[in-house]
Amino acid sequence: MSWHPQYRSSKFRHVYGKAASKEKCYDCVPITRNVHDNHFCAVNPYFIAVVTECVGGGAFLVIPIHQTGKLDPHYPRICGHKGNVLDIKWNPFNDFVIASCSEDATVKIWDIPKHLLTRNITTPKKELLGHVQRVGLIEWHPTANNILVSSGYDYKIMIWNLDSKDVVISNPVKILDVHKDVVLSMSFNTDGSLLATACRDRKIRLIDPRAGTVLQEASYKSHKVNKVLFLGNMKKLFSTGTSWWNNRQIALWDQNDLSVPLLEEDLDGSSGLLFPFYDSDTHMLYVAGKGDGNIRYYEISPEKPYLNYLMEYRSRLPQKGIGMMPKRGLDVSSCEIFRFYKLIPTKNLIEPISMIVPRWSESYQEDIYPMTIGAQPALTAQEWLNGVNKGPVLVSLRPGSEDTNSLPQFLEPEPVVEMTGLNQSPGEGEETPADNIQKLSEIADGRKKLEVEERSLEKEQMCLANAFDVFERPPPKTESELLQMLYRQQDEIRRLHELINQRDIQIKQLQLELRNVYMDRGRY
């Protein structure tokens, strides 16, 4: 059993969940009362989108991520659907494009303006017509640009190429007609070459989406599957569902053999659905229950026992749905490795929950932030349709590195200071006065570089003090443009603080080196 594992070494053994304060929550949000089993929430580094309760059609809200507190009851909505909205997903390669599907049997693609919304958006960028019954699920391809997959209550999965210039697209590039009942869940593997589905007929299917063929099929009778998820490059599948006795259950499967699960475990007797989330960077798995306030988290290993229970975040407020922030939107300065957005309809509240690794140091922790998936596609839509497979483009989360978002940002210089003499161990040879003089000159050069960087930093701050980039942007003319500029300025200030902290560390290193030089010369 993974509930009571033996002691094992892990850097994530003490991860804990921290709920945001009331001021950093989103209050007075009319969250949908729809009973459809879905997340009803989508998040990216700039916006949070949530399906809302409305009369006469379907709608959802798009709120700037920094606009916390009470929401204006007349806040504009995206309301072009004629039926209830069942699923929403942000484009992973464009933070200002979102897809939605509805009971009206359509899928719509929306352009979100970069400034704050001032009126309702009713006209989509594109409309996808192909399903004859309501559409319950949509998924973006993880590496190919503008490839979208939709699943409807007509038992069909359709693959769409959004590179088409047509506003209304009625012919999908591929129709997968391999299911005998409603598809409950879809998940791509890392490079998007395989698609796993969970169906109401209790079967898990592994499908080649371009060929339209079923490669593997699991029909394990003691596990009624609801949700299925690819576990990154582990070549394993994770599913949640119920047992014969209606206990909530989790199962782990080998991608190449779905006849019998590698692991099967009952959790509790609650009736709410279990939503799985996987972080391929830390190999951590999160399981959140619908209708309760708990989030269990595990660590996945390639060998037995495969699933290692870590901890459980508990709350008295039940969640109806839950969204997750992409890794490029996390706060690395506080060692945040995952962030949920919990929908609490009883209080009309969206509560952020941060999963944090406790560390004393405030510097960047490279061991818990490996290279992660960025916002750039690895393939075009046509390349993927032609049979090309390629893994995602990886980026670093280190502050000051190449930007990980799909929006142009302020440029900031990389700190470049060469440190000399730090790796030399005592006893490798005596230093001559000429060596000491050379070291002093190198230290002086390093200080000059720091002074130049500090002067450039002051210029950047002067530029930010005027609330716009004098080289690229005109000053804001409306209140909404001013608020948008304020959010960008707050992000830049946080990055500059991190840059200053890095330079303070470099200054301390230079002081230590100077002290060592004086000690070698006997003058300290």
Is it true that some residue in segment 133-147 is part of a loop (DSSP other than H, G, I, E, B), among the β-branched types (Val, Ile, Thr) and at pLDDT 95 or above? yes
Any idea which of (1) polar (S, T, N, Q); (2) farther than 18 Å from Asn91 by Cα; (3) open to solvent by 30 Å² or more (accessible area, probe 1.4 Å) is the one Thr197 doesn't satisfy? (3)
Considering only residues that are within 26 Å of Asp163 (Cα to Cα), within 17 Å of the chain's Cα centre (by Cα) and of a type in the set (A, V, I, L, M, F, W, C), which ones fall in segment 341-394? Ile373, Ala375, Val393, Leu394
For residues that are of a type outside the set (Val, Ile, Thr) and either part of a strand (DSSP E or B) or open to solvent by less than 30 Å² (accessible area, probe 1.4 Å) (or both), scanning just segment 224-234, find the one that is nearest to Pro305 (Cα to Cα). Leu231
Kindly establish whether Glu362 is modelled with pLDDT under 95, touching a helix residue (DSSP H, G or I) at 6+ places or on another chain (Cβ under 9 Å) and open to solvent by 70 Å² or more (accessible area, probe 1.4 Å). yes
Search segment 201-219 for residues being under 21 Å from Glu264 (Cα atoms) and touching a Lys or Arg at 6+ places or on another chain (Cβ under 8 Å), and hand back the single one that is surrounded by the most Cβ atoms within 10 Å (Cβ to Cβ). Ala218
Restricting attention to segment 110-126, does a residue exist that is modelled with pLDDT of 95 or more, closer than 29 Å to Gln255 by Cβ and open to solvent by less than 30 Å² (accessible area, probe 1.4 Å)? no
Residue check: is His39 under 17 Å from the mean Cα position of the chain (by Cα) and open to solvent by 60 Å² or more (accessible area, probe 1.4 Å)? no
Note: among Lys304, Lys235, Lys224, just one is out of contact with any helix residue (DSSP H, G or I) (no Cβ under 8 Å at 6 or more places or on another chain), at pLDDT below 95 and either of a type in the set (Asp, Glu) or at positive phi (or both), namely Lys235
Segment 378-390, residues that are closer than 21 Å to Ser280 by Cα and surrounded by 16 or more Cβ atoms within 10 Å (Cβ to Cβ): Ala378, Leu379, Asn389
Give the residues of segment 18-36 that are part of a loop (DSSP other than H, G, I, E, B), open to solvent by less than 30 Å² (accessible area, probe 1.4 Å) and charged (D, E, K, R), sorted by residue number. none
What number goes with the only condition from (1) within 21 Å of Asp279 (Cβ to Cβ); (2) part of a loop (DSSP other than H, G, I, E, B) that Leu237 does not pass? (2)
Among residues of segment 68-82 being within 21 Å of Val97 (Cα to Cα) and in contact (Cβ under 8 Å) with a residue 40 or more places away in the chain, the residue surrounded by the most Cβ atoms within 10 Å (Cβ to Cβ) is Ile78
Mind checking which pairs have a first residue in segment 298-326 that is free of Cβ contacts under 8 Å to residues at least 60 places away in the same chain and surrounded by fewer than 19 Cβ atoms within 10 Å (Cβ to Cβ) and a second that is part of a loop (DSSP other than H, G, I, E, B) and small (Gly, Ala, Ser), Cβ under 6 Å, 6 or more apart or different chains? Arg316/Gly293; Leu317/Gly293; Pro318/Gly291; Pro318/Gly293
β-branched (Val, Ile, Thr), in contact with a helix residue (DSSP H, G or I) (Cβ under 7 Å, 6 or more places away or on another chain) and on the phi < 0 side of the Ramachandran plot, is that true of Thr52? no
Within segment 264-282, residues within 15 Å of His223 (Cβ to Cβ) and not in a strand (DSSP E or B) come out as Leu273
State whether the residues of segment 91-101 include one that is of a type outside the set (D, E, K, R), free of Cβ contacts under 8 Å to residues at least 40 places away in the same chain, surrounded by fewer than 19 Cβ atoms within 10 Å (Cβ to Cβ) and within 29 Å of Glu336 (Cα to Cα). no
Just name the residue that is nearest to the chain's Cα centre (by Cα) out of those in segment 240-263 that are assigned to a loop (DSSP other than H, G, I, E, B) and not hydrophobic (A, V, I, L, M, F, W, C). Gln255
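The values are calculated or read from the model by the stated rules, or taken from the named source; none is laboratory data. If you're wondering where the values come from, they're calculated on a predicted model, not measured in any experiment. All Cβ positions, glycine included, derive from the backbone under ideal geometry; neighbour counts span all protein chains shown. Just so you know, the surface numbers come from the protein's heavy atoms only, side chains and all, with ligands and any DNA or RNA stripped out. Shrake-Rupley method; radii C 1.70, N 1.55, O 1.52, S 1.80 Å.
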